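See below for the structure under consideration.
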Amino acid sequence: METCSCDTFVALPPATVGNRIIFGKNSDRLCDEVQEVVYFPAAVHDNLREHLQCTYIEIDQVPETYAVVLSRPSWLWGAEMGANEHGVCIGNEAVWGREEVCDEEALLGMDLVRLGLERADTAEKALNVIVDLLEKYGQGGNCSEGRMVFSYHNSFLIADRKEAWILETAGKYWAAEKVQEGIRNISNQLSITTKIDREQPDMRNYAKRKGWWDGKKEFDFAAAYSYLDTAKMMISPGRYCEGYKLLNKHKGNITFETMMDILRDKPSGINMEGEFLTTASMVSILPQDSSLPCIHFFTGTPDPERSIFKPFIFVPNIPQLLDTSSPTFGHEDPVKKKPRFQFKPDRRHPLYEKHQQALEVIEKKEEKAKTLLDNMKKLEKDLFKEMESILQNKHLDVDKIVNLFPQCAKDEIRIYKSNISP
């Protein structure tokens, strides 16, 4: 399943510079899938008898949900990755193993990402939200927009200003590993071995009953629940190992720009090309000093090497992110009507459309391509300087920040428009 992939990374002090936790993810999905960047404000839900509609199923609502910014395939309710107003970030991965994948409609792993962000103000609380919902509703259903059924189990990397958690699942069974320093990454394989800090109560007994563990040797979650030789996990070829090497190479000096460089790396396969490609990317700065804002960068477009990481900071009264929001189709959406996925509507948002046109210029017109890429790099560098200045000077111009991400998207579109005219 190496063709379908994602990679999620976290670096914590002392691996990073400036007492910051750095989170990053590439979302690798089918090449024609549009990913949007959307914002949902905090909300109070008075009528708890009203259920919450997720991608496929309804679940119980909670009294209060936090503000979230999400990067998500535009056809579904959940998210591939995102952050909330309390500095919690989550990214998920598709994983497979010995436990059979359920095609029946339940919660998608991407629904669980959004639910964790909306309902938890720390990384460990988000883990609690996800495993409780997993127990109550299960995971399952088609994870792609189309008639080809594509289902998987999920792993999650959850981070906040203080720590990170790796949560890996197989059906309703799960194990979790706490990460308090250094580096960690997840890819499309189980990676928790013998360091298990929390677990589903019946997880070991179930493995024993299935004959995956003899009950005598030290319990190894990845070895029991998948077909991996975990002794060779860190030396075998593949993106999990390549991702770790890239993190390890910069250990002690990792910044948000280092993380972006890793996500842009094509030789390692982290920046994926082909039928499955990197459709969107995210990097977050989570300062351990709570007086500093968390800064979340999103591309909202495919191929991070040819995209701009645009910053988002939570402040009150953020408007809708119109240039990165896909059109909606209400009850006529083929995802909501049964039988599902009878046709595919055009879900391109304004930024995606212009970005695709710009990519054509890059591929066909060498001189224009250089100007375009130079302009993109300059805009991004200026944004990075501005964000670094906010973190160094501890000054936030809220009136400006409220439109920070929308303005960046408009500036990016303007660059594309000026270079794609005949």
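The values are calculated or read from the model by the stated rules, or taken from the named source; none is laboratory data. Since the structure is predicted, the reported quantities are computational estimates derived from the model, not experimental observations. Every residue, glycine among them, receives a Cβ derived from its backbone with ideal geometry; neighbour counts consider all protein chains shown. Accessible surface is based on the protein model in full, side chains and every heavy atom, while ligands, DNA and RNA are left aside. Shrake-Rupley method; radii C 1.70, N 1.55, O 1.52, S 1.80 Å.
Roughly how far apart, in whole Å, are the Cα centres of segment 204-271 and segment 308-360? Value for the Cα centre distance between the two parts: 32 Å. Among ASP397, ASP32, ASP160, the residue with the largest mean-square fluctuation in a Gaussian network model of the chain, with springs joining Cα atoms closer than 10 Å, is ASP397.
Could you calculate the FRET efficiency of ALA43 with ASP397 from 1/(1 + (r/R0)^6), where r is the beta carbon distance between them and R0 is 30 Å, rounded to 0.05?
Working: r = 26 Å, r/R0 = 0.88.
Efficiency, from the Cβ-Cβ distance: 0.70.
Distance from the Cα centroid of segment 136-156 to that of segment 32-59 is 17 Å (rounded to whole angstrom).
Among rounded, prolate and oblate, which fits segment 265-422 when a ≥ b ≥ c are the square roots of the eigenvalues of its C-alpha gyration tensor, a/c under 1.5 means rounded, and a/b larger than b/c means prolate?
Oblate, since a/c reaches 1.5 and b/c is not below a/b.
Solvent-accessible surface of segment 193-300, averaged per residue with a 1.4 angstrom probe and all protein chains in place: 47 square angstrom. The simple Förster model, with R0 at 60 Å and r as the Cβ-Cβ distance, assigns GLN357 and GLU104 a FRET efficiency of 0.90.
Report, to the nearest whole %, how much of the accessible area of segment 79-161 belongs to carbon and sulfur atoms, 1.4 Å probe, protein only. Whole-percent figure for carbon plus sulfur exposure: 43. Relative to the current alpha-carbon distance between LYS338 and VAL62, full extension at 0.36 nm per residue lengthens the span by 96.6 nm.
Using the structure shown, list the pairs from LYS125/LYS195; LYS370/LYS410; LYS337/LYS364; LYS162/LYS195; LYS251/LYS377; LYS125/LYS344 with a Cα-Cα distance above 30 Å, or answer none. Checking Cα-Cα distances, LYS337/LYS364; LYS125/LYS344 exceed 30 Å. Each label was represented as a point 7 Å from its Cα along the Cα-to-Cβ direction; for LYS245 and LYS410 these points are 4.5 nm apart. The stretch between VAL149 and ASP229 holds 26.0 nm of extra length on full extension. This uses 0.36 nm per residue minus the Cα-Cα distance. Highest GNM mean-square fluctuation among GLY140, GLY78, GLY18, for the chain modelled with Cα contacts below 10 Å: GLY18.
Is the shape of segment 1-121 rounded, prolate or oblate, going by the alpha carbon gyration tensor and its root eigenvalues a ≥ b ≥ c, with a/c under 1.5 for rounded and a/b larger than b/c for prolate? It is oblate, given that a/c is not under 1.5 and a/b is not larger than b/c.
When a/c is below 1.5 the answer is rounded, else prolate if a/b is larger than b/c, else oblate, so apply that to segment 141-200 with a ≥ b ≥ c taken from the square roots of the Cα gyration tensor eigenvalues. Please list the in-between numbers first.
On the way: a/c = 2.69, a/b = 1.90, b/c = 1.42.
Judged from the Cα gyration tensor, segment 141-200 comes out prolate (a/c at least 1.5, a/b above b/c).
For the chain, the antiparallel share of DSSP beta bridges with both residues in that region comes to about 95%.
Would you compute, from DSSP H runs of 4+ residues alone, the mean residue ellipticity of the chain at 222 nm, taking -39500 (n - 2.57) per run and dividing by the full residue count, rounded to the nearest 500? Could you put the intermediate results ahead of the total?
Values: 10 runs with 121 residues, N = 422.
Calculated mean residue ellipticity at 222 nm is -9000 deg cm²/dmol.
Potential lengthening of the chain between SER421 and THR328 amounts to 30.6 nm, from the contour at 0.36 nm per residue minus the alpha-carbon distance.
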